[in-house]
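A short write-up of the structure that comes next.
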């Protein structure tokens, strides 16, 4: 799988070299410098990071396939978002693929099966749920007709319940609320009233105890408790290495076991140090504030702006709440907004 990501990255990289003079602007350069900085940290730490486990080299390569390779890959894809979102064939394929996925997910749910993918013996339902949510955000940002927008939001929410990732579900719902508030206030307030009424007048005990909803009612489970422990250990480690961080230090401190890192983007600080973290946060705040300003002033029919804003909002909610440094979709947002700024400069737009 790492080789597949690497192959795609090389192809996109060669395309970008060919078009280098077209994409060279200061806004894109900021994000490139950030990626180079993060990449250098990981390359330099190889001699000792690869010794943290008995299978250290393989674990190191697996980790950088989720960081170096995916960071650059999704950043490059974000750079080219403008090239595809106005292609009718792209949207036709996206629509049919979304319908196929919906049918597959609901079919599995009706048969009491969890729809998932097994990769290297491990279920990747989190990545699947995140990808489906972003897929749906692309679609509801694409259509201008309110009935299609509402239909996509409702069906996608049902599917995300079936995909079993609470973070993907709740972040998608919050993103959809912002979307509906701007595009369809009548439906938004009607939906909000229904939800509040259900919560006030009571829900069944089965729903209260369900894994996907118990956190709303103050319940916890093994997954929540494990992440709380990971956060506590990660913050303690961060106090000891807050300047330079410690790439794969969680593996070293957990006897060669991976995955026990902080499950939000504080883990980025833990892995890469204070400087990359500050640059990342500053860049993200700057980019998102600009695209938010443009979104506020738009008439909601600018597909380019809508996709960048809602995708960025969803990704930011995820990295704040529950996704670690291996989460790649935020780099799609960074690359996409950087390219938007490039075109805005070329068109002499005031942002």
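A short reminder: the numbers here are calculations on the coordinates, not readings from a lab. Predicted, not measured: the structure shown is a model, and the values here were computed from it. Note: ideal-geometry Cβ built from the backbone for every residue, glycine included; neighbour counts use all protein chains shown.
Computed quantities for the displayed model
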{"quantity": "Distance (nanometres) between label positions extended 7 Å along Cα→Cβ at residue 244 and residue 147", "calculated": "6.3"}
{"quantity": "Label point distance in nm, residue 282-residue 224, each placed 7 Å from Cα along Cα→Cβ", "calculated": "3.8"}
{"quantity": "Modelled FRET efficiency - R0 30 Å, residue 29 with residue 274, Cβ distances, 0.05 increments", "calculated": "0.90"}
{"quantity": "Fewest-first sequence of 303, 166 by Cβ atoms within 10 Å of each Cβ", "calculated": "303, 166"}
{"quantity": "FRET efficiency, 1/(1 + (r/R0)^6) with R0 35 Å, evaluated for residue 320 and residue 158 via beta carbons", "calculated": "0.90"}
{"quantity": "Inter-label distance, nm, simple model (7 Å from Cα along the C-beta direction), residue 131/residue 43", "calculated": "2.9"}
{"quantity": "Anisotropy class of the range 217-306 from Cα gyration tensor, a/c 1.5 cut", "calculated": "oblate"}
{"quantity": "Fully extended contour minus Cα-Cα distance, from residue 62 to residue 193, at 0.36 nm per residue", "calculated": "42.5 nm"}
